[in-house]
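Below: the structure, in structure tokens.
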Amino acid sequence: MTATLTNPLRVGLRQERVISPQCLVIFGASGDLTHRKLIPALFELFRQRRLPSEFAVLGCARRPWSDEEFRAKMEQALAPVIAEDPAAWTTFCGGLFYEPVDLQKDEDVVRLGKRLEQIDRQRATRSNRTFYMSVSPNYYGSGCRALAAAGVLADPKRSRVVIEKPFGRDFASAQDLNRIVNSCAKENQIFRIDHYLGKETVQNILVLRFANTIFEPIWNRNYISSVQITAAETVGVEERAGYYESAGALRDMVQNHLTQMLALTAMEPPGRYEPESIRNEKAKVLQAARLAEEAEPWKCCVRGQYGPGGNSADPLAGYRQEPGVDPNSTTETYVSMKLFIDNWRWQGVPFYLRTGKRMPKRLSEVVLTFREAPVHLFDSAGAGPTANQLILRIQPNEGADFRFEVKAPGSGMRSRPVDMDFSYDESFGEPSDEGYVRLLADAMLGDPTLFTRSDEVEAAWRLYTPLVELIEQQPWQLPVYPYEARTWGPAAADSLLARDGLLWRRP
Ligand code: BG6
């Protein structure tokens, strides 16, 4: 008899998952996110035949649009994608509906309930509903309360709520919001979305670490000397000053996207690939993380704001000249900082985080720098012996790069660094799905693995509390240094690393 080593649970997880009949309700459907990300992602799922035929989207916002107007707006916004497959759009579009709803008004909520029942009858969506909060963050709590009062969250198997970022403005407000949403629905009905977790390359951090034997033994303080996590953007604030002015780079990018990359890079191996195992490990590592100088946070963080830049052919306005921005604004568009993780794996290894708008390149990456060889036997053919580096390219040119020393050609015995490169594009030849495609499908499937649990979001806010408080109470301690648009941020950010004898990577 042959013994079987296959764990039936794992086989179950590998099977293609099927989305049940359902209605996705988008609150804030007249906003940007709906036509830029959500509807394109749903249309993509439809084209991949991953949506059930019993499916509907109900757009809700205060504007008094009709179904036809909503469809026309979406059609206009998605025109280039629709042109690739107009027949698919015609069918998909038949499942788009719109209801003017203000969740603060009882009569609107009653009307919403009736419309949902009508859609259930019309599209056979069987009272399965995913509510997507794409409204102003001030309304997340009251929106959830209105849905709970209407009774549409009562069945945890049939209803879920997706909540966009930012989830809270600081530790206390995140705790308050958690208390409210957890009083309206069970934790497994709440999907706090961070679109970075939808990126193939961010998920790949887990696979690279835990599906190979070569990395894990050296993935610790004995071999790694520092870690840099970067999310650089070329765009400026665009048309989002209304939101960005009160957020800034710390709240907009660091507390969520960079922290998620940090958590996946630094977490312990989970017992199994199962939502709570993964989220337990992420929460644990964030609870062990701290600013390098908690008592004097200004020593381990640099803020910046882009000024004018570019060239005569492409002049770029400074942040303060952007539409809707206060001409004396002190909102940061750049932030870098140094953290430590006080656990057995990472004690003493600095983690440097940086993000900025109007940088010279769009680039997100995680760079692990290994300790140098203890003895240098060979002269270097380059600037000096380099430490090995593993570079996880989150975007663009998704992939990974491993840098190591080889013998430089020639009669001597000199070493020089080379790169071993893995590119998603070359290896798989097909573009990966947009993050929202994966995350919307997972939310509708009820799979919370790639969503942030309440304790994780609180741990992330707690980590940055000394900075948030400093910016609010003693902003002069953490000045906003200007930097020219299309440069790598203020010089002070270089000093942050220079003090440790290091440089930011300039790809
Ligand atoms: C969003 C931020 O969450 O992420 C934006 O609000 C930022 O300010 C964007 O531009 C970056 O996302 P991506 O996927 O382009 O790196």
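What follows draws every value from the coordinates through simple rules; no lab data is involved. Nothing here was measured: the structure is a model prediction, and the numbers come from that model. In this analysis, Cβ positions are derived from the backbone assuming ideal geometry, glycine residues included, and neighbour counts consider all displayed protein chains.
Only Lys, Arg, Asp and Glu carry charge here, each on its Cβ (+1 for the first two, -1 for the last two); on that basis region 115-262 has a dipole of about 700 debye about its Cα centre. Taking Cβ separations below 4.7 Å as the criterion for a possible disulfide partner, the isolated cysteines in the chain are C23, C60, C93, C300, C301. Can you tally the net charge around N222? Count Lys and Arg as +1, Asp and Glu as -1, for every other residue whose Cβ sits under 11 Å from the Cβ of N222. So the surrounding residues net to +3. Principal axis extents of the C-alpha atoms in region 128-282 (largest first, rounded to whole Å): 54, 39, 27. Packing order of peptides 263-276, 84-97, highest average first: 263-276, 84-97 (average count of other Cβ atoms within 10 Å over each peptide's residues). Using the Cβ-Cβ distance between Q122 and N188 with R0 = 25 Å, the FRET efficiency computed as 1/(1 + (r/R0)^6) comes to roughly 0.30. Computed 3J(HN,Hα) for region 95-102, one whole-Hz value per residue from the Karplus formula 6.51 cos²θ - 1.76 cosθ + 1.60 where θ = phi - 60°, is x, 9, 10, 9, 9, x, 9, 10, glycine and proline marked x. Rounded to whole numbers, the Karplus 3J(HN,Hα) couplings from phi for region 414-422 are 10, 10, 8, x, 10, 10, 9, 10, 10 Hz, using 6.51 cos²θ - 1.76 cosθ + 1.60 with θ = phi - 60°, and x at Gly and Pro.
With a cut-off of at most 14 other beta carbons within 10 Å, and DSSP calling the residue loop, which trypsin sites (Lys or Arg not before Pro) in region 89-134 qualify? Please list them. Listed in order of number, the matching sites are K105, R126. Name the residue from A247, G307, Q228 whose Cα lies farthest towards the positive end of the charge dipole of the chain, charges +1 on Cβ of Lys and Arg and -1 on Cβ of Asp and Glu. Of the listed residues, the answer is Q228. For the chain, DSSP calls about 55 percent of its internal beta bridges antiparallel.
Using 26 Å as the Cα-Cα cut-off, could you pick out the over-long pairs in K73/K361; K37/K114; K37/K284; K165/K299; K37/K357; K37/K338? The answer is K73/K361; K37/K114; K37/K284; K165/K299; K37/K338. Modelled spin labels at M420 and N220, positioned 7 Å past Cα toward Cβ, are 2.2 nm from each other. Shown in residue order for region 388-397 are the 3J(HN,Hα) couplings computed by the Karplus curve 6.51 cos²θ - 1.76 cosθ + 1.60 at θ = phi - 60°: 5, 9, 10, 10, 9, 8, 6, 5, x, 6 Hz (x for Gly and Pro).
Distance between the pseudo-spin-label points of E276 and Q477 (7 Å out from Cα toward the beta carbon): 4.0 nm.
From its DSSP helices (H runs of at least four residues, each -39,500 (n - 2.57)), the chain gives a residue-normalised ellipticity at 222 nm of -9500 deg cm²/dmol. A Förster radius of 30 Å, combined with the Cβ-Cβ distance separating E107 from V18, puts the computed FRET efficiency at roughly 0.20. The calculated FRET efficiency for Q321 paired with A77, based on their beta-carbon distance and R0 = 35 Å, is about 0.80. Summarising the amide proton neighbourhood of I224: residues at separation of 5 or more, or on other chains, whose placed amide H is nearer than 5 Å comprise R371.
Pairs of Cα atoms nearer than 8 Å and 6+ residues apart set the relative contact order; for the chain it is 17 percent.
The distance linking region 239-287 with region 177-222 is 8 Å (Cα centroid to Cα centroid, whole angstrom). Annotation: Cα Rg of region 172-228 relative to the compact-globule expectation 2.2 N^0.38 Å equals 1.71.
Between V101, T125, F70, the Cα set farthest toward the positive side of the dipole of region 65-140 (charges on each charged residue's Cβ, about the Cα centre) is that of T125. Straightening the chain between R36 and D155 buys 39.8 nm, computed as 0.36 nm per residue apart minus the Cα-Cα spacing.
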